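For reference, the structure discussed in these notes is given below.
None of the figures in this text is laboratory data; all of them are computed from the coordinates on show. All values reported here derive from a predicted model rather than from experimental measurement. Glycine gets a Cβ as well: all are built from the backbone with ideal geometry, and neighbour counts include every protein chain shown.
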Amino acid sequence: MTLGQREGPRSYDARVHWFRIEGGERLVGAVNIPGAKNSVLKLMAAALLAPGTSTVTNVPDIDDVGIMSELLRRLGCTVTHDRTGAALVIDVPERPDHRADYDLVRRMRASICVLGPLLARCGAADVALPGGDNIGSRGLDLHIAGLRRLGAQVSNEHGYLIAVAERLRGAEIWLDFPSVGATETLVMSAVLAEGRSVIDNVAREPEIVDICTMLVSMGARIHGIGSSTLTVEGVRELSPVRHATVPDRIVAGTYAVAAVMAGGSLEIRGARAEHVSLPLEKLATAGAVIGDAPDGFTVTMDGRPRAIDVVTLPYPGFPTDLQPQFIALNSIAEGAALVTENLFEARFRFVQELARLGADVRTDGHHALVRGRARLSGAPVEATDIRAGAGLVLAGLVADGVTEVYGVDHIDRGYAGLVPTLEGVGGRITREGLSP
């Protein structure tokens, strides 16, 4: 079974399920990369900007898509998920509801992305303050300041972010940090604003380009896509579209790291190598051979990798979402490496679990010194967020004995069919569970 296929129905209680991994097997074969988690949820929110039926394709079959689908339904949309065709059909009413309740928003931080579209379409938005992964503080100050520049009145009341504006007005906005979330919120707000908006120091991730591309297809006028400055000429209305989600560069990078750690050779199909150029350069430095493929790239590794330093930065820098996987790689590499995390202060939390497998990782502030060991040993571990869970799974693939990874509900939010995909290329991994 390849990536994107479901290993079974999701009727289980995630608290009593875990991954059981027997390490030591080489990975050989091919994996298929689905659409990006960090893009599809925002594309779904963007559909709110136009009444009628929009279709998003190349949709990953992950839990977060289900959560966002339910949120859109509560806002008055009809959402149909065709898993066979990996497509979402979203029928948006003329007047969506504008309140996003806490019981859904607390489960997924990306829910905040409905704020801009609801404000632009309805003139008001009440969105519960979000939850999500426990990787550090990610305030909404940039969202709020930018919306106020666009003419909105924004307040925080009873756990809700409340924004009101009869119609937004174009403005010049400078982001103190190239925040992905703030960039998304402000672009999706500005497309229906009156006049021109210039948003400077924006995020440049491929997912931002993907959202802007969909908005342009809907009739938005956006210039500078892919650069650090976006100029948006507001329009009165947008039209529904059909749009394919960009491939998930983080999933692609995760499997590339798996190939290097476990040895063997993987063809990463459906990925765009240019979106992970820096991580692939790091893997080549570690000793891997990176090759071209008709629809992606290949990663081949013989022997033990060399340790590699990593510094996370906004795109096109090294992605923070691949930092745990590279710490796992360094834990079994020759030599020592310094990993510096510049984006999320709590992202090193998972190294305590990695240490249960025998990894030698010492943290000091936003630095982690990793001394590679020839062998890790299997043990029970707990995933604290999506990417930490992926890092622990990769470590389990090379550890002696059996590793049990708990907290798989986190992993299911970001990786479709992880178990059958790894099984299909030689990994000894199964989903285990108790009866609820």
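Could you work out the relative contact order of the chain, using alpha carbon pairs under 8 angstrom and six or more residues apart, expressed as a whole percent?
Numbers: 1101 pairs, mean separation 95.3, N = 436.
It rounds to 22 percent for the chain.
Per-residue Karplus couplings for segment 345-353, computed as 6.51 cos²θ - 1.76 cosθ + 1.60 with θ equal to phi - 60°, are listed in order as 5, 9, 6, 7, 3, 6, 5, 4, 6 Hz, Gly and Pro entered as x.
For GluC sites (Glu not before Pro), the sites in segment 338-383 that DSSP calls loop and that have at most 14 other Cβ atoms within 10 Å are E345. A full extension of the chain between V198 and E404 corresponds to an added length of 69.2 nm, given 0.36 nm per residue minus the alpha carbon distance. Put a plus charge on the Cβ of each Lys and Arg, a minus charge on the Cβ of each Asp and Glu, and nothing anywhere else: the dipole of the chain about its Cα centre is then about 140 debye. Helix 180-190 and the longest principal axis of the C-alpha atoms of the chain enclose an angle of approximately 20°. Taking every DSSP beta bridge that has both ends in the chain, the antiparallel portion is near 75%.
For a quick protection proxy, order the peptides 173-179, 93-99 by their average other-Cβ count within 10 Å, most packed first.
173-179, 93-99
Taking Cα centre as origin and charging only the Cβ of basic (Lys, Arg, +1) and acidic (Asp, Glu, -1) residues, the dipole magnitude of segment 338-412 rounds to 340 debye. Of A379, G365, T320, which is farthest along the charge dipole of segment 292-395 in the positive direction, counting Lys and Arg as +1 and Asp and Glu as -1 at C-beta? Result: A379, furthest along the dipole toward the positive end. With R₀ set to 60 Å, the beta-carbon distance separating E172 from V16 gives a calculated FRET efficiency near 0.70.
Pull out a ≥ b ≥ c, the square roots of the eigenvalues of the alpha-carbon gyration tensor of segment 37-244, then state rounded if a/c is under 1.5, prolate if not and a/b is larger than b/c, and oblate in the remaining case.
On the way: a/c = 1.33, a/b = 1.17, b/c = 1.14.
Because its axes are fairly even, with a/c under 1.5, segment 37-244 counts as rounded.
Across the chain the C-alpha pair distances fall into 10 Å bins from zero in the proportions 5, 22, 31, 25, 13, 3, 0 percent. At a Förster radius of 30 Å, what calculated FRET efficiency corresponds to the Cβ-Cβ distance of E157 and R95, to the nearest 0.05? Taking R0 as 30 Å, the efficiency between E157 and R95 is 0.85.
Site pair A355 and R373 shows an inter-label distance of 1.2 nm when each label is modelled 7 Å from Cα along Cα→Cβ. In a fully extended conformation the segment linking S239 and S277 would gain 10.2 nm over its present Cα-Cα distance, using 0.36 nm per residue. Note that segment 324-341 has calculated 3J(HN,Hα) couplings of x, 5, 6, 5, 4, 4, 5, 5, 10, 8, 7, x, 10, 9, 10, 10, 10, 9 Hz, one per residue in order, obtained from phi through the Karplus relation 6.51 cos²θ - 1.76 cosθ + 1.60 (θ = phi - 60°); glycine and proline are x.
Karplus-based coupling profile of segment 51-56, in residue order and whole Hz: x, x, 9, 10, 10, 10, with θ = phi - 60° in 6.51 cos²θ - 1.76 cosθ + 1.60 and x standing for Gly or Pro.
Fully extending the segment from T84 to D292, taken as 0.36 nm per residue of separation minus the present Cα-Cα distance, adds 72.0 nm. The label point for R428 and the one for T340, both projected 7 Å from the Cα toward the Cβ, are 4.1 nm apart. Here the relative contact order of segment 37-244, from alpha carbon pairs under 8 Å that lie six or more residues apart, stands at 20 percent. Amide H contacts of E25 (H built 1.01 Å from N, in plane; Pro and chain starts excluded): R428 sit under 5 Å, all sequence-distant by 5 or more or on other chains. Taking T363, T254, T421 in turn, the Gaussian network model of the chain (Cα-Cα springs below 10 Å) assigns the largest fluctuation to T363. Relative to the compact-globule estimate of 2.2 N^0.38 Å, the Cα radius of gyration of segment 214-255 comes out at 1.54. Put a plus charge on the Cβ of each Lys and Arg, a minus charge on the Cβ of each Asp and Glu, and nothing anywhere else: the dipole of segment 37-244 about its Cα centre is then about 240 debye.
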